[in-house]
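These notes are about the structure you will find just below.
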Amino acid sequence: MDGAAMKLPSFKILNPNRPTRYSTTIPLGFRRISSSSIAAHVSASFVSEGEPATRSASLGHVVRRDFPILNQEVNGLKLVYLDNAATSQKPISVLKALQNYYEAYNANVHRGIHFLSAKATDEYELARKKVADFVNASESGEIVFTRNATEAINLVAYSWGLSNLKSGDEIILTVAEHHSAIVPWQLVAQKTGAVLKFVTLTAEDIPDIEKMKEMFSKRTKLVVIHHVSNVLGSVFPVAEIAHLSHTIGAKVLVDACQSVPHMVVDVQSLDADFLVASSHKMCGPTGVGFLYGKSELLSAMPPFLGGGEMIADVFLDHSTYAEPPSRFEAGTPAIGEVIGLGAAIDYLSEIGMQKIHDYETELADYLYERLHSIPNIRIYGPMPSETVRRAPLCSFNVVNIHPTDIATYLDQQHGVAIRSGHHCAQPLHRFLGVGSSARASLHFYNTKEEIDTFILALKETISFFTSFQ
């Protein structure tokens, strides 16, 4: 891939009580814009747009103290972290929950009769109940812990898919799906003879719901859809599609990785048959995700993996299997990570998901507006309006500048962390006519001031690269 040469970043924790001092080192021959210049531009932008020089404390300002990683220098610059669609940062309460497990009651879960095992089991199963309540599942047994959302989708593909799909059956997806929601079904289709059918986008860069409806037939057995696109920022009408799918007897699997961390998600209202999400995108640890499945579907599905915990009895010539969710949790699970996920849910719930969503909607509109004001930028996905709400992310390209060059310069010259690449959505990027894009994605600990810093840094980045054209 063409682009600027990369260098290893340096890290320095900031003292919040002293002013930030910027390094005078200039890597890669780039000229560095001083912090005072950026600050002056930010301040001026507030005044020029008729806004006060200082804003009242937002949710982002209030909660930042809970995220020590954000109080850091990267390449001698104060970190502005805008890569939340890839992974979120973790509050102190989650870090303490992990530490407490390993320091105070580290033990294997289930079947152990000693105090540490009983305590670990209680906390592990309590986390399952927290997840169930968080997404409004009917019961805790409808929540299966997995390594991540990818494994959760593979579980459905290999357990439900191989058992229920046959030659000629159809699986409907959109071109905007994450690779994790496409590749497992390609593998299943190769084994069963099922056919994948893909819905394209409208002129507004959203999946074409009317075309999807036209694809539905008696051969449709499964609909695989995202709740929120990790590239387009669009929100899919899951409940409507689930209702239509069920009228023809099809099941619905929802990739909710970009919705569960940012809005109220109610699996019963959505009427999803399966729904997956990842802990690390919702302020929890890496290494754990979950599958929600309707109890009657999980009970009819065979095991995904074999081993300890997922069995009822083992004989030399056969085995019988445990009831869900244990049937799908073979071996020692990620105990500390699950407990950490429970702590993350406690943290998010204490703030309130509706409050988080309302604040992030405001940030999303502001980010889009500021980006849209820059010439020669194409932002992918729908334009926000009174009736169209975007998620708090924008994928974009700048004419004649590679997105990796943009991300590199923003990082090394301005301490702004965004992502560049295809975001595990190559079919979508091909449909859009590009190979990659840059993406800025927000969470509730971000602020409008950070967006202003990003926009000014991006303008300077564009100026730098266009000066060579």
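For segment 269-293, backbone nitrogen atoms closer than 12 Å to the point 7 Å from Lys129 Cα along Cα-to-C-beta are found at no residue. Per-residue ellipticity at 222 nm from helix content only, as computed over the chain with -39500 (n - 2.57) for each DSSP H run of at least four residues, stands at -11500 deg cm²/dmol. For segment 271-323 versus segment 371-438, the spacing of their alpha-carbon centroids is 36 Å. Along its principal axes, segment 376-424 has C-alpha extents of 38, 22, 22 angstrom, given from the largest down.
State the percentage of accessible surface on segment 371-469 attributable to carbon and sulfur atoms; use a 1.4 Å probe and exclude ligands, DNA and RNA.
Values: 1860 of 3480 Å².
Result for segment 371-469: 53 percent of the exposed heavy-atom area is carbon or sulfur.
Legend: calculated FRET efficiency, Tyr321 to Val195, from the Cβ-Cβ distance at R0 = 30 Å, rounded to 0.05, equals 0.45.
Carbon-plus-sulfur accessible fraction, segment 92-350 (probe radius 1.4 Å, protein heavy atoms only): 53%. For the chain, averaging the sequence separation of C-alpha pairs within contact (under 8 Å, six or more residues apart) and dividing by the residue count gives a relative contact order of 21 percent.
So if R0 is 41 Å, what FRET efficiency would Gln426 and Ala118 give, r being the distance between their Cβ atoms, rounded to the nearest 0.05?
Values: r = 47 Å, r/R0 = 1.15.
Result of the calculation: an efficiency of 0.30.
Taking label positions 7 Å along the Cα-Cβ direction at both Glu240 and Thr332, the computed distance is 4.9 nm, reported to one decimal. Using alpha carbons only, the radius of gyration of segment 92-350 set against its Kirkwood radius gives Rg/Rh = 0.99. Annotation: per residue accessible area for the chain equals 42 Å², rounded to a whole number [probe 1.4 Å, protein chains only]. Among residues other than Glu210 with Cβ under 14 Å from its Cβ, the summed charge is -2 (Lys and Arg +1, Asp and Glu -1). In summary, the lysines within cross-link reach of Lys211, defined as a Cα separation below 25 angstrom excluding same-chain residues under 8 places away, comprise Lys166, Lys197, Lys221, Lys251.
The values are calculated or read from the model by the stated rules, or taken from the named source; none is laboratory data. In this text the structure is predicted, and so the values were computed from the model without any measurement. Don't worry about glycine lacking a Cβ; one is built from the backbone with ideal geometry, like all the others, and counts go over all protein chains shown. Surface accessibility is based on the protein's heavy atoms, side chains included, excluding ligands, DNA and RNA. Shrake-Rupley method; radii C 1.70, N 1.55, O 1.52, S 1.80 Å.
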